[in-house]
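The values are calculated or read from the model by the stated rules, or taken from the named source; none is laboratory data. In this text the structure is predicted, and so the values were computed from the model without any measurement. Here the Cβ positions follow ideal geometry from the backbone for every residue, glycine too, while neighbour counts run over all protein chains shown. Remember, those area values only see protein heavy atoms, side chains included, never the ligands or the DNA or RNA. Shrake-Rupley method; radii C 1.70, N 1.55, O 1.52, S 1.80 Å.
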Amino acid sequence: MAEQIHTRASGASLNEQARQEHQLGVGISQSSTSATANTTAGSKTSNPKPRSIVWDHFTKLSLEQTKGEEKAKCHHCKSEFLCNSSSHGTNGMLKHLKRRHKWIFVEKNQSLIGVIEGEEGPGGRKTTVSISYNTEEIRKMLAIFVIEDEMPFSVVEGRGFRQFVNRLEPRFTVPSRRTITRDCYQLFLDEKCKLKEFLKKSCVRACLTTDCWTSIQNISYMCLTTHFIDENWRLQKRILNFSQIDNHKGETIGKEIDRCLREWGIENVFTITVDNASSNDVAISYLRRKLKNWNGLVCEGDYMHMRCAAHILNLIVNDGLKDLNPSIVSIRNAIRYVRSSPQRLQKFKQAAHAEKISSGASLCFDVPTRWNSTYTMLEHAIPFQKAFERLEDEDEGYVTWFKDDRQPSSLDWDNARAFVQFLKLFYEVTLALSGSLHVTANCAFDEIQTINELLVKWSENEVDCVLGTMACNMRNKFDKYWGKIENINPLIYIGIVLDPRYKLEYVNFICDANYEIGTATLLKKKIANTLW
């Protein structure tokens, strides 16, 4: 019995010694390991796994591969080292790990000092924090990288990306594209649960905005956004839904919004802002019936339908551009010629330099369906009129380009200047009404009246026929949507009444100044009834 106790005690002490040497990074030769294993009671294997830490990072090569020499290969850099137990041991491999792969000896829970950037992005506020290695956290940040930078899922399988990550953090194994796809979807589900809790806690009443469009693949989509004031009186904006729909019919849109509201648990709706398509009238009527059953409407939903002011401005301006369209087309074609090849762009720059044009703006294309981009295109092109005229004299290719179309004439450039001068105010008003991170309801009425005053002034202009004709066309479209008081949502006026800078007296003054006596009286009465 005494001999058995002594044997067990000796084996335990040797095991303890091996464990300490393993923690300190001290190599243990194969012979000493075998001796330890033979003296340990209860050992069932004749060749146990080597205890040295180096064998977690090295693989012993066969004698055929090394021509009779005992060698081992590093898992990380593929370096080979002699590992003969009698002459070399594991000391050389251990020094290699300490010199080339220091991260191996960093404790798993040990923190490192790191610098992270704020939400502002590159160049934003940076914070020094203590960072510890966490595989789950790294995978989460990798999923955020794919989402925020709009990278394909296959980026994680790129050779260069894997080499970069391995050099940056060798302990992290880069997942496959399928794994990162699941991680991105799981991140979406987690954020969706957080948003549901936030809406349940902070969203007392929501204002919705929706829009539909058709892609170049002829697929219909709908986006639903909510704005609300949280418990700290801060304006919040969240995209609730981006989904594919069968068509743009009103009932289809209404059912999709209804499904989305039930999914997010939103019952109290204040307004729904939509464009002026007739199908949206049907969608609003459908939602009004559904929301009445939930008791989530204000004033029985009489003021729920809010027409998009930016979309109305777009319709007004496009109606005024009909007569100027040939001038815009000719200038657009000239810009297309210049930007069609690097050689032509270089010739244009030489012409601009010859004409001593110092404008820092560059030529840009527009989106024909968006007048504000057309405004920007012409605003940048007007300073280069002399450069285009020099191209007409010196570049034969420029003249040939307009074989089927006409070149921009001096009259076209004059029309463009009038267009830019006239629509600059419309451009500024559109930017003011399209803000999504600040409240715009209190300035909508004032901006609408500014547009009305401008149209009245320019429509009576007899000096410039181009501007006069354009203003008359726009004024007809303006009266269609905002000329009749019954077509205007009273909440536009309530927003400015609640603004402490203006209040009710200012609204009454504007009504008397811009409408006839009978119309102004009816409008002021309607505002008072809505307010009280």
*Which condition breaks for Asp366 when tested against (1) open to solvent by less than 60 Å² (accessible area, probe 1.4 Å); (2) at pLDDT 85 or above; (3) not in a helix (DSSP H, G or I)?*
(2)
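With respect to Ile382, determine if the residue is of a type outside the set (Asp, Glu), assigned to a helix (DSSP H, G or I) and farther than 18 Å from His311 by Cα. Even if it seems obvious, please write down each step before you answer.
Details: of a type outside the set (Asp, Glu): yes; assigned to a helix (DSSP H, G or I): yes; farther than 18 Å from His311 by Cα: yes.
Taking the combined requirement at face value, the residue satisfies it.
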_With under 30 Å from Ile451 (Cβ atoms) and in a helix (DSSP H, G or I) as the only criterion, which of Asn314, Asn333 stands out?_
Asn314
*When the residues of the stretch 495-520 are filtered to those that are within 17 Å of Val456 (Cβ to Cβ) and assigned to a loop (DSSP other than H, G, I, E, B), which remaining residue is least open to solvent (accessible area, probe 1.4 Å)?*
Tyr515
*Cβ-Cβ under 9 Å pairs, at least 6 apart or on other chains, the stretch 148-160 side farther than 19 Å from Phe172 by Cβ, far side assigned to a helix (DSSP H, G or I)*: Pro152/Val146; Pro152/Arg177
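Based on this model, can you work out whether Cys472 counts as touching a Ser or Thr at 6+ places or on another chain (Cβ under 8 Å), closer than 23 Å to Ile316 by Cα and either of a type in the set (Asp, Glu) or open to solvent by 50 Å² or more (accessible area, probe 1.4 Å) (or both)?
Working: touching a Ser or Thr at 6+ places or on another chain (Cβ under 8 Å): yes; closer than 23 Å to Ile316 by Cα: yes; either of a type in the set (Asp, Glu) or open to solvent by 50 Å² or more (accessible area, probe 1.4 Å) (or both): yes.
Here the answer is yes, as Cys472 does meet what is asked.
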*Only one of (1) surrounded by 15 or more Cβ atoms within 10 Å (Cβ to Cβ); (2) in a helix (DSSP H, G or I); (3) not β-branched (Val, Ile, Thr) fails for Glu300. Which number is that?*
(1)
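Restricting the search to the stretch 390-441, which residues are basic (Lys, Arg) and either in contact with a strand residue (DSSP E or B) (Cβ under 9 Å, 6 or more places away or on another chain) or over 30 Å from Ile488 (Cα atoms) (or both)? Talk me through it step by step, then tell me what you get.
Applying the first criterion (basic (Lys, Arg)) to the stretch 390-441 yields 390, 403, 406, 417, 424.
Across the stretch 390-441, the qualifying residues are Arg390, Lys403, Arg406, Arg417.
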_Given (1) under 40 Å from the mean Cα position of the chain (by Cα); (2) loosely packed, with under 15 Cβ neighbours inside 10 Å, identify the lone condition not met by Glu460._
(1)
_Of all residues in the stretch 216-230 being over 19 Å from the mean Cα position of the chain (by Cα) and open to solvent by less than 90 Å² (accessible area, probe 1.4 Å), the one that is farthest from Ile272 (Cα to Cα)_ = Ile219
*Has the stretch 375-392 got at least one residue that is open to solvent by less than 60 Å² (accessible area, probe 1.4 Å), within 30 Å of Leu315 (Cβ to Cβ) and among the β-branched types (Val, Ile, Thr)?*
yes
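Checking the conditions here, which among Asn280, Asn293, Asn247 is assigned to a helix (DSSP H, G or I), polar (S, T, N, Q) and loosely packed, with under 13 Cβ neighbours inside 10 Å?
Numbers: Asn280 fails: loosely packed, with under 13 Cβ neighbours inside 10 Å; Asn247 fails: assigned to a helix (DSSP H, G or I).
When all the criteria are applied, what remains is Asn293.
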_Tell me the residue from Leu195, Leu199 that is of a type in the set (A, V, I, L, M), touching a helix residue (DSSP H, G or I) at 6+ places or on another chain (Cβ under 7 Å) and closer than 23 Å to Leu291 by Cβ, please._
Leu199
*Can you find a residue in the stretch 488-509 that is of a type in the set (Ser, Thr, Tyr) and within 21 Å of Val298 (Cα to Cα)?*
yes
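Take the residues of the stretch 334-344 that are more than 32 Å from the chain's Cα centre (by Cα) and open to solvent by 20 Å² or more (accessible area, probe 1.4 Å): which is farthest from Phe422 (Cα to Cα)?
Here the residue is Gln343.
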_Flag if Ile272 is closer than 30 Å to Ile448 by Cβ, out of contact with any Asp or Glu (no Cβ under 6 Å at 6 or more places or on another chain), assigned to a strand (DSSP E or B) and without any contact (Cβ under 8 Å) to a residue 60 or more places away in the chain_ = no
*May I ask you to list pairs of residues, at least six apart or on different chains, whose Cβ atoms are under 6 Å apart, with the first in the stretch 276-289 being among the charged types (D, E, K, R) and the second being surrounded by fewer than 18 Cβ atoms within 10 Å (Cβ to Cβ)?*
none
*Give the stretch 264-274 a look and list any residue that's closer than 14 Å to Thr225 by Cα, open to solvent by 30 Å² or more (accessible area, probe 1.4 Å) and either touching a Pro at 6+ places or on another chain (Cβ under 9 Å) or not β-branched (Val, Ile, Thr) (or both), or say none.*
Phe270
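Just give me the residues in the stretch 461-493 being outside any helix (DSSP H, G or I), out of contact with any Lys or Arg (no Cβ under 9 Å at 6 or more places or on another chain) and farther than 18 Å from Thr450 by Cβ, in sequence order. It would help to see each step written out before you state the result.
Step one: list which residues in the stretch 461-493 are outside any helix (DSSP H, G or I), which gives 461-464, 484, 488-490.
After this cut, where a residue has to be out of contact with any Lys or Arg (no Cβ under 9 Å at 6 or more places or on another chain) as well, the list is 461-464, 484.
Hits for the stretch 461-493 are Glu462, Val463, Asp464, Lys484.
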*Checklist (1) open to solvent by 50 Å² or more (accessible area, probe 1.4 Å); (2) not in a loop (DSSP other than H, G, I, E, B) applied to His438, failing item*: (2)
*asked:* Six or more apart or on different chains, Cβ atoms under 7 Å: show the pairs whose first residue is in the stretch 221-238 and more than 16 Å from Ala283 (Cβ to Cβ) and whose second is surrounded by 13 or more Cβ atoms within 10 Å (Cβ to Cβ) and of a type in the set (Asp, Glu).
replied: Gln236/Asp230
*Evaluate the stretch 405-417: report whether one residue or more is in a loop (DSSP other than H, G, I, E, B), within 30 Å of Arg339 (Cβ to Cβ) and modelled with pLDDT under 80.*
yes
*Pair list, Cβ < 9 Å and 6+ apart or interchain, from the stretch 195-216 residues that are over 29 Å from Lys249 (Cα atoms) to residues that are open to solvent by 80 Å² or more (accessible area, probe 1.4 Å) and not polar (S, T, N, Q)*: Lys201/Glu231; Ser202/Glu231; Val204/Glu231
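Which residue, of Arg178, Arg171, is among the basic types (Lys, Arg) and at pLDDT 90 or above?
Values: Arg171 fails: at pLDDT 90 or above.
From the options Arg178, Arg171, the qualifying one is Arg178.
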*So, in the stretch 174-194, of the ones that are of a type in the set (S, T, N, Q) and surrounded by 14 or more Cβ atoms within 10 Å (Cβ to Cβ), which residue ends up nearest to the chain's Cα centre (by Cα)?*
Thr181
*Flag if Lys480 is open to solvent by 30 Å² or more (accessible area, probe 1.4 Å), out of contact with any Leu (no Cβ under 9 Å at 6 or more places or on another chain), of a type in the set (Lys, Arg) and under 30 Å from Phe270 (Cα atoms)*: no
